[in-house]
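The values are calculated or read from the model by the stated rules, or taken from the named source; none is laboratory data. Model, not experiment: these values are computed from the prediction. Every residue, glycine as well, gets a Cβ built from its backbone with ideal geometry; the counts of neighbours run over all protein chains shown. The protein model used for the area step is the full one, side chains on, heavy atoms only, and it has no ligands, DNA or RNA in it. Shrake-Rupley method; radii C 1.70, N 1.55, O 1.52, S 1.80 Å.
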Amino acid sequence: MVVAEEPQNTPLYEESVPRALVVSAYQKVAIHHFCTVSQSETPVIAIQYRARYVDLAHLSYRGIAPEIKTGQGVHFVCVSPVNEWTL
């Protein structure tokens, strides 16, 4: 399982909102068993800039549920239901 815990701002992308996961311009991507953990801000999962054939399965969260955003030029994205992670 991959976990993004409390995404942070970075000086590299000062004008951007912290993101838990970004898929940008990749094709044929499968990410399974990904979890976001955040108590302060809504974590963002972004699929952007010409990404195609992206499969996100077994997503979970703890705290605040993630917001999933797709950009223009993104095609064939499949996202399974996002469930709250409990121990």
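Among the chymotrypsin sites (Phe, Trp or Tyr not before Pro) within the chain, not one is in coil by DSSP while having at most 11 neighbouring Cβ atoms inside 10 Å. Nonpolar atom fraction for the chain, defined as the carbon and sulfur part of the 1.4 Å probe accessible area, stands at 49 percent. Applying a DSSP loop filter and a limit of 15 other Cβ atoms within 10 Å to the trypsin sites (Lys or Arg not before Pro) in the chain leaves 50.
Backbone phi angles across the stretch 64-79, fed through the Karplus curve with coefficients 6.51, -1.76 and 1.60 (θ = phi - 60°), yield HN-Hα couplings of 9, 5, x, 9, 9, 10, 10, x, 5, x, 9, 9, 6, 10, 10, 10 Hz in residue order; Gly and Pro are listed as x.
Think of a 1.4 Å ball rolled over the protein heavy atoms: the chain then has 68 Å² of accessible area per residue.
Taking only the alpha carbons of the chain, we obtain Rg and Dmax values of 12.7, 38 Å in that order. The phi-based Karplus calculation (6.51 cos²θ - 1.76 cosθ + 1.60; θ = phi - 60°) puts the 3J(HN,Hα) values of the stretch 45-56 at 10, 10, 10, 9, 6, 6, 5, 9, 6, 9, 10, 10 Hz, whole numbers, x for Gly and Pro.
Under a Cβ-Cβ cut-off of 10 Å, what is the net charge of the residues other than residue 62 that fall near it, where Lys and Arg count +1 and Asp and Glu count -1?
-2
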